[in-house]
C-alpha cells in the first residue's frame, strides 16, 4: 500500500492528550501548517489549541474520523489502550491508510498489540515516546524514539520534525518503547545523585548557587542538573514531568527487566524512593520533588 508523506496544508493531524507536553507538540505541528482535530478528557485543556484554529472533537474516535495521522500522548497504559483500542477509540474511527502514533511512554507489549489490531484493519501504527519534558516540548527540541515500519516512519517524519530535534527510528514495533525504558533507567539513578548532592551542599552550609556554577559544567553535569537543578534551588516543584508518571515508567522497565532475567538494583532503589515521594503527597509534582522526600528522610526542614 502506498503511504503518502505528510505535507502541511494537505495532511490532517489528530491529537489526543493536550496536557503539559501534548499541547505544545500539537501547537508546533499546527504552526508548520498542519490542520488539527484535538481531544482531551479535560475540555479546558484543548482551548489554547482551539484558539489557534484546531477543531475540538468529542472522542478519540471522532479525532480519527477527521485525521490522516493521529497522535496521542496520555498518562498510563490503560489510557493508551482506551484511546486507541476502546470502543470509542481512534482505531474504531480510522479508515484504511490512517496512521496511529502513540507518543506516550507505555508498554512495549501494548505497542505490539496496537500494531497487530491496526494492521488487521489496514491501518498503520508507530510507537514514538519522547524525552525532553516540558522544556523540550515548548522548544520543539524533543528526542523522539520510534518503533515500527520504516515506510510509515518516513511518512510521519515531517511532523516529527516539527516537534523534535533528535528523531531516530529504533527498529520494529516496540523498539521505541524499549529505548524509552533505557532513557528512564538512566535518568532514575541520576535524579538520586542530583538531589543528594544538593542536599549535601545545603547541610555543609554552602551557597548552592555558587556550588551549582562549579559542578554543572564539569563531569558531574547532566541534563537533569541543568534543567531541574535551578528549579530545586528556587523550591519550584511544579511538574515538567509528573512523579506518578515516572513511577509508572520505572514499573514498566522493572517488569521488562524481570522478563529478561535482569537485575537492576539502581532502578529498583529509585522507584522505591519515588514511591516515598508519592506517599508524601507529591505524586502530581515534578520529578525534582524527590529532593523534598530526601529532606524528610533526613529531617531537614526548609
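The values are calculated or read from the model by the stated rules, or taken from the named source; none is laboratory data. Remember, predicted model here, so these are calculated numbers, not experimental data. Here the Cβ positions follow ideal geometry from the backbone for every residue, glycine too, while neighbour counts run over all protein chains shown.
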Worksheet, complete the sentence: Checking 240, 229, 286, 221 in turn, the sole residue that is buried (at least 16 other Cβ atoms within 10 Å of the Cβ), in contact with a helix residue (DSSP H, G or I) (Cβ under 9 Å, 6 or more places away or on another chain) and either assigned by TED's automatic domain parsing to the domain that holds residue 141 or closer than 14 Å to residue 190 by Cα (or both) turns out to be 229
Worksheet item: Among the numbered criteria (1) touching a strand residue (DSSP E or B) at 6+ places or on another chain (Cβ under 8 Å); (2) farther than 20 Å from residue 296 by Cα, which single criterion is violated by residue 215?
Response: (1)
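May I ask you to verify whether residue 182 is farther than 20 Å from residue 21 by Cα, modelled with pLDDT of 95 or more and either within 21 Å of the chain's Cα centre (by Cα) or outside any helix (DSSP H, G or I) (or both)?
Numbers: farther than 20 Å from residue 21 by Cα: yes; modelled with pLDDT of 95 or more: yes; either within 21 Å of the chain's Cα centre (by Cα) or outside any helix (DSSP H, G or I) (or both): yes.
Here the answer is yes, as residue 182 does meet what is asked.
Could you say whether any residue in region 210-217 is more than 16 Å from the chain's Cα centre (by Cα) and touching a residue at least 24 places away in the same chain (Cβ under 8 Å)? Steps first, answer last, please.
Pass one, region 210-217, residues more than 16 Å from the chain's Cα centre (by Cα): 210-217.
Going one step further and asking which of them are touching a residue at least 24 places away in the same chain (Cβ under 8 Å), we end up with none.
Scanning region 210-217, I find no residue that is more than 16 Å from the chain's Cα centre (by Cα) and touching a residue at least 24 places away in the same chain (Cβ under 8 Å), so the answer is no.
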Discussion item. Among the numbered criteria (1) touching a strand residue (DSSP E or B) at 6+ places or on another chain (Cβ under 9 Å); (2) more than 24 Å from residue 105 (Cα to Cα); (3) not assigned by TED's automatic domain parsing to the domain that holds residue 156, which one does residue 6 miss?
Written reply: (2)
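Anything in region 257-271 that is without any contact (Cβ under 8 Å) to a residue 12 or more places away in the chain and under 21 Å from the mean Cα position of the chain (by Cα)? List them, or say none.
Filtering region 257-271 for residues without any contact (Cβ under 8 Å) to a residue 12 or more places away in the chain gives 257-263, 265.
If the condition is that a residue be without any contact (Cβ under 8 Å) to a residue 12 or more places away in the chain and under 21 Å from the mean Cα position of the chain (by Cα), then 257 is the only one that fits.
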Fill in: Filtered residue count, region 81-127, keeping only those that are more than 23 Å from residue 258 (Cα to Cα) and not in a helix (DSSP H, G or I)
22
Worksheet, complete the sentence: Taking region 160-179 and keeping residues surrounded by 17 or more Cβ atoms within 10 Å (Cβ to Cβ) and outside any helix (DSSP H, G or I) leaves 164, 167, 169, 170, 173, 174
Fill in: Filter result for residue 18 (surrounded by fewer than 24 Cβ atoms within 10 Å (Cβ to Cβ) and either at negative phi or in contact with a helix residue (DSSP H, G or I) (Cβ under 8 Å, 6 or more places away or on another chain) (or both))
no
Worksheet entry | Top-ranked residue of region 239-262 - restricted to ones that are assigned to a loop (DSSP other than H, G, I, E, B) and at pLDDT below 95, ranked as nearest to residue 106 (Cα to Cα) | 241
Item to complete: Considering each residue of region 34-59, count those that are modelled with pLDDT of 95 or more, out of contact with any helix residue (DSSP H, G or I) (no Cβ under 9 Å at 6 or more places or on another chain) and either part of a helix (DSSP H, G or I) or exposed (fewer than 15 other Cβ atoms within 10 Å of the Cβ) (or both), and give that number.
Response: 4
